[in-house]
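The values are calculated or read from the model by the stated rules, or taken from the named source; none is laboratory data. In this text the structure is predicted, and so the values were computed from the model without any measurement. Because the Cβ atoms are built from the backbone with ideal geometry, glycine has one as well, and the counts that use them run over all protein chains shown. Just the protein is used for accessible areas: all its heavy atoms, side chains included, with ligands, DNA and RNA removed. Shrake-Rupley method; radii C 1.70, N 1.55, O 1.52, S 1.80 Å.
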Amino acid sequence: MNDYKKGLKAGIPIGLGYLSVSFSFGIMAIGASLSWWQALIISMLTLTSAGQLAGIGIMPYPGRYLEMLIAQSTINIRYSFMSISLSQKTDSKFKGIFKWLFGFFVTDEIFAVAISQEKVSRSYFGGLVTLPYFGWAIGTLIGAVVGNILPEIIMSALCLAMYGMFIAVLVPKAKEDKKVIIAILIAIIVGVLLYYVPILKQVPQGIAISISAVVAALICAFVFPKEVIKDE
């Protein structure tokens, strides 16, 4: 129980942050012609900010399942790597069905807090994810309900908070490593080309996001290769 309380306390800042950011997602979901309950279910069953944002851009257009698959796979594959890394720090009781269940809750912020621990128990991780999960769901619900009431100009302004979160995540890392800035610029350039060039703008939005991310990653991997240290 002490570990759970410790995790619960560590999750308070994340939960508060998710509450405010998911509010914007709820508004954007309503703007994409989704119902409040549909927005809530999406947040409760996916818990991936960028993936949800890309998803609601595709969902209004039926039949684009391949586009949805490519976009979500590209955006969310990072969670698999986070989970693998985090599994190296879990204790002996954190195994089996618990890894399957708690793997659902891995996000960038939760991973950053959990990986800083010397050992991660299932009680600690359970406490850590509690408030962020409910914060994300409740914020989405509030935003979706308010989205039916507020004027359109205010809704448009509030939607910027979602993009502000992505900037807040990227800027500190970009300040530490200039290579990140180059990767961001490449992704922006590719995204702009796919949006404005007449022939390229035919590419669906979800696939365009994936192409921008993959191209930026491949170029930076080629230009700035990481040296692999082999065990002797």
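Structure notes:
- Residues that are among the hydroxyl-bearing types (S, T, Y), at negative phi and surrounded by fewer than 19 Cβ atoms within 10 Å (Cβ to Cβ) within the range 32-75 comprise S35, T46, Y61, Y65, S73, listed in sequence order.
- Of the candidates L101, L53, the single residue that is closer than 21 Å to W136 by Cα, of a type outside the set (G, A, S) and at pLDDT below 85 is L53.
- For R78: the one exception among (1) surrounded by 20 or more Cβ atoms within 10 Å (Cβ to Cβ); (2) within 25 Å of F23 (Cα to Cα): (1)
- Counting the residues of the range 88-133 that are surrounded by 13 or more Cβ atoms within 10 Å (Cβ to Cβ), within 21 Å of M1 (Cα to Cα) and either small (G, A, S) or in contact (Cβ under 8 Å) with a residue 40 or more places away in the chain (or both) gives 17.
- Lone qualifier among K175, K179 - being surrounded by 12 or more Cβ atoms within 10 Å (Cβ to Cβ), part of a helix (DSSP H, G or I) and charged (D, E, K, R): K179
- Members of the range 134-151 found to be open to solvent by 40 Å² or more (accessible area, probe 1.4 Å) and in a loop (DSSP other than H, G, I, E, B), listed by number: N148, I149, L150, P151
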